[in-house]
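The values are calculated or read from the model by the stated rules, or taken from the named source; none is laboratory data. Here the structure is a predicted model, which means the values were calculated and not measured. Heads up, the Cβs are rebuilt from the backbone with ideal geometry, glycines too, and the neighbour counts pull from every protein chain shown. Accessible surface areas use protein heavy atoms only, side chains included; no ligands, DNA or RNA. Shrake-Rupley method; radii C 1.70, N 1.55, O 1.52, S 1.80 Å.
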Amino acid sequence: MIDIKQDNDGVTISFDNEKQQKQVRVDMVIGADGIYSTVVKHIFTQTAPAIHSKENIFYGIIDNIDQQTSINSIITAKNTLTQCFGSGGFISYRAGNNGQLMWPAKYPSVTPPSINDDVEWTKMNNQRELNRFLTRFPQSHPIHQCVVATDPQRLLHFGLYYRQHRSDGWHRNRICLLEDSCHATLPYVGQGANMAIEDAISLAMCLEKYNFQMEPAFQEYYRKRFNRTKCVVNMSRYLGLFSHSIKQRVVPWFVKSDMMIKMVEKELYENCPVPIEKKNMVK
Ligand SMILES: Cc1cc2nc3c(=O)[nH]c(=O)nc-3n(C[C@H](O)[C@H](O)[C@H](O)COP(=O)(O)OP(=O)(O)OC[C@H]3O[C@@H](n4cnc5c(N)ncnc54)[C@H](O)[C@@H]3O)c2cc1C
């Protein structure tokens with residue numbers, strides 16, 4: 001989607017995928033095009049860019065974890081989340097029950113990773129950054145085993161960004177924003193995609209309530225979703241700051257005390273806009 005224009009009767013969206021160009025005429029547009037949204041730039045001429053949190057992340061996935069005997073079995077046990085704090089990094093190892101291990105490794109950095117049109121250059125730069133990151137950990141640390149076991153194609157490296165909430169609504173006339181395009185969050189409470197689903201349900205309910213009259217429906221959707229999503233964005237932001245800005249010895253204690261997870265649980269369950277079955281996250 002490269003352009004979007006609205007008038008009194010509808011919205012015209014222009015698509016261009018290098019092979020063909022196409023225009024589509026619709027009544028309403030829901031802009032769910034992510035943190036670097038094109039829609040947001042078209043409906044709000046003054047749009048602040050997404051904010052780099054001064055943290056970057058390596059995100060590795062190891063397939064067929066059962067065959068990786070060189071990795072510490074504590075972190076490869078099925079349905080286990082292991083978190084390591086310290087050395088200026090925060091690493092989670094998540095082994096699901098589908099034979100994959102994910103290992104997001106976050107570290108502080110004043111700038112996001114450099115990206116260049118030259119793919120080889122970017123690859124080399126990422127490798128250099130990874131080597132530098134690994135020097136923070138002793139050879140016995142499982143992060144070294146995970147890096148060796150990760151196919152380079154399954155390793156991402158990117159900056160962590162969020163968006164501040166607009167105070168002037170999420171819509172203009174027939175075009176409305178949803179999730180990361182209006183309230184992108186950092187990943188620390190794992191709620192970005194969940195907020196997207198809640199947004200979609202809430203917006204659908206508002207449209208139904210107002211019989212698809214856009215103005216009152218979009219206004220009510222914004223009112224209903226603003227506080228909830230702001231709370232999640234802030235919670236995630238503060239957890240990120242907390243994980244590397246105070247004395248490192250306090251962090252594992254805080255995590256083990258279950259205080260953090262209980263706080264998150266309280267917000268997520270008690271203020272969820274749709275009924276959900278409560279499952280205890282703390283065991
Ligand atoms: C490291 C990391 C870990 C995360 N972990 C979790 C987690 O554990 N749990 C969780 O709930 N959330 C998590 N999230 C957040 C979650 O991924 C996002 O919040 C969610 O994907 C946002 O959904 P979205 O639909 O708004 O945007 P996106 O998922 O980004 O989708 C936007 C789509 O729009 C398309 N698009 C963009 N521009 C255009 C255009 N001009 N034309 C056509 N198409 C376009 C894109 O290709 C993309 O497919 C994580 C995010 C990160 C970065």
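Worth pointing out:
Residue-wise test of (1) within 12 Å of the ligand (Cβ to nearest atom); (2) at pLDDT 90 or above.
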position: Glu18; (1), (2): no, no
position: Gln21; (1), (2): no, yes
position: Val29; (1), (2): yes, yes
position: Ile35; (1), (2): yes, yes
position: Ile57; (1), (2): yes, yes
position: Gln83; (1), (2): no, no
position: Gly96; (1), (2): yes, no
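- Criterion violated by Arg25 - all others in (1) exposed (fewer than 11 other Cβ atoms within 10 Å of the Cβ); (2) part of a strand (DSSP E or B); (3) at pLDDT below 90 satisfied: (3)
- Single condition Asn116 does not satisfy, out of (1) farther than 21 Å from Tyr161 by Cα; (2) without any contact (Cβ under 8 Å) to a residue 24 or more places away in the chain; (3) open to solvent by less than 80 Å² (accessible area, probe 1.4 Å): (1)
- Residue list for region 28-59, restricted to those being farther than 20 Å from Leu156 by Cα and in a loop (DSSP other than H, G, I, E, B): Met28, Ala32, Asp33, Ser37, Phe44, Thr45, Gln46, Thr47, Ala48, Pro49
- Top-ranked residue in region 183-236 [being of a type in the set (Lys, Arg) and open to solvent by 40 Å² or more (accessible area, probe 1.4 Å); ranked as nearest to Leu268 (Cα to Cα)]: Lys230
- Considering region 28-59, the residues that are open to solvent by 50 Å² or more (accessible area, probe 1.4 Å) and free of Cβ contacts under 8 Å to residues at least 12 places away in the same chain include one that is farthest from Ser92 (Cα to Cα), namely Thr45.
- If you check Thr12, Thr76 for being at pLDDT 90 or above, open to solvent by less than 50 Å² (accessible area, probe 1.4 Å), among the polar types (S, T, N, Q) and away from the ligand (no atom under 16 Å from the Cβ), only one passes: Thr76.
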